[in-house]
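Take a look at the structure set out below.
The values are calculated or read from the model by the stated rules, or taken from the named source; none is laboratory data. Owing to the predicted nature of the structure, the values given are computational and were not obtained by experimental measurement. For neighbour counting, all protein chains shown are included, and Cβ atoms are generated from backbone atoms with ideal geometry for every residue, glycine included.
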Amino acid sequence: MKSFTSLVISSFCLASLASANPHAQGGHQHLHYAAPVLITTADGSDIQVTSVALNGKMAGTSTYSSSQFNGYIWDSPTSVPSALPSGIYPQLINKKGSFVTVNLQFYASVSSSPVNLSYPQNYDIFPISMNDKDEIVGVFYNDFTGDYSGGYWNGQQAFSFLPPPAGSQGQFAAYINDKHHVFGIELPQGDYFSYGIEWSDPTQAGSYISGPVMSDPGYWQIVGGNMQTGDSVAVYRYQNTRLGCGFRDSNSNTIEVIPFVDGAIPTAVSNNGIIIGQQQTSSGVIPLVWASKYATPVDLNTLIPTGTGWTLTRASFILSNGDIVGQGTYMDGATVKSGFFYLQRQ
C-alpha cells in the first residue's frame, strides 16, 4: 500500500471544551505536567503503544532481543500489563477493554474468544478507530483498481462500506465517536488528501465538511476528537500544506478557527478541553498542546519539569482528564533511548 497510509494511521490513531475565554493568550501558565514516566512491560521490554482509551486502558506490543513480538493490554499507563497469547497483536482498544488485532480479530475482553471481522476480498485493510460501543472504521485499499473506500463494522461486527458522498472519487474513514458519527477524508487516486467527509449515520451517504474559508483553494478535514463528548478537532489544508486549525463542538456543525502555528495539526481533545497535536517543521516534529481552544499552542516540552532527561517528540494520545501518552527520547545512563511516556497533569 502507498507510503502515506502510515501517516494516516499515525495521525488518526486516534473530550469537552473550556467554558470561558480569559486565557486566550496565557492559558498555559496554569497547565503543567509531572516528569515523564517510561511505559514498560514487567520485564522491561521495549514497547510500541498502538492505542489508548480515554480512561487510560492501553494496547501495544513489545519486542524482545530475539525479535519475537508480543501483545499487551494495560489497565492504565502505570499498571503492569497483561501479556496476550502468542500471535495476538492489538491495534485498537476502547474503555471497556474490547480490542481489535492487526489481523482483524475482535476481542470483547482479554479472556474472550475472538470474532473474525468479515470484509470483501482483494483489499488491503487497516482498522483505524474503534469507539466505546465496539463500532470500528478503517481504510480499504483495492489492490486492483487503486481506489480507497471507507469500511464500517457495527457493534455486532457486521461489515458494510460507508456510502460515499455524491461524486466522491474515493474516501476512507478515519475516526468514529460514541455518538455514531464517522469522519473521514476524500482521497482520489494520487498522493493528496482532499475534502473532509462526515457520516452522521454510517448507513447513509456521507457529506462534505464545510467551515470558514481560510484560503482558496483549501478544505477542512476533521482529524480527531473525543469519542465520549463528540467534540472534534480539524485542520484546514491544501494538498500537503496545513493552513489552519479548528474546533467543532458536538452540538454544532460549525467549525471555529483556533490559534495556529505553521505546520500544526490538532489530533485529539480531552473532556476538559485540552487539545493535543503536532507541528511539522524543517527540523522534525514538535508535540503541541492547546490549554483550551482559545490558547496559542505551545511545545509540550515547555510544560514538564526541567532536568528530566527526556525530549518529547509526539503527544500521541490524551486521556479524559488531560493526561498524555506519547513518544520521546530519554537518557539511560550515557545512552539515548526511545520510548513511550506517560504525563500526569499537575
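Scan region 82-114 residue by residue and report those that are of a type outside the set (D, E, K, R), under 30 Å from ARG345 (Cβ atoms) and within 21 Å of the chain's Cα centre (by Cα). Scanning region 82-114 gives PRO90, GLN91, LEU92, ILE93, ASN94, GLY97, SER98, PHE99, VAL100. Report yes if GLY97 is surrounded by 19 or more Cβ atoms within 10 Å (Cβ to Cβ), modelled with pLDDT of 90 or more and in a loop (DSSP other than H, G, I, E, B), otherwise no. Yes: the conditions hold for GLY97. Is it the case that some residue within region 13-23 is modelled with pLDDT under 60, under 18 Å from SER316 (Cβ atoms) and not small (Gly, Ala, Ser)? Yes, some residue in region 13-23 is modelled with pLDDT under 60, under 18 Å from SER316 (Cβ atoms) and not small (Gly, Ala, Ser).
Check whether at least one residue in region 125-132 is touching a helix residue (DSSP H, G or I) at 6+ places or on another chain (Cβ under 7 Å) and farther than 18 Å from SER200 by Cβ, and report yes or no. Scanning region 125-132 turns up at least one residue that is touching a helix residue (DSSP H, G or I) at 6+ places or on another chain (Cβ under 7 Å) and farther than 18 Å from SER200 by Cβ.
Which is at pLDDT 95 or above and over 27 Å from GLY225 (Cβ atoms), of ALA83, ALA35, ALA108, ALA42? The conditions single out ALA35. Can you find a residue in region 155-165 that is within 26 Å of SER316 (Cα to Cα) and hydroxyl-bearing (Ser, Thr, Tyr)? No, that holds for no residue. Only strands (runs of 3 or more DSSP E) whose full extent lies in region 188-241 are considered here, and the ones with at least 2 residues that are closer than 22 Å to PRO259 by Cα are 219-225, 232-238. The set of residues in region 122-139 being over 17 Å from GLN105 (Cβ atoms) and buried (at least 20 other Cβ atoms within 10 Å of the Cβ) consists of ASN131, VAL139. None of THR5, THR61 is modelled with pLDDT under 85 and of a type in the set (Ser, Thr, Tyr) except THR5. Of the residues making up region 45-60, those that are within 12 Å of ASN94 (Cα to Cα) and part of a loop (DSSP other than H, G, I, E, B) are ALA53, LEU54, ASN55, GLY56, LYS57. The set of residues from region 173-187 being in a strand (DSSP E or B) and modelled with pLDDT of 95 or more comprises ILE176, VAL182, PHE183.
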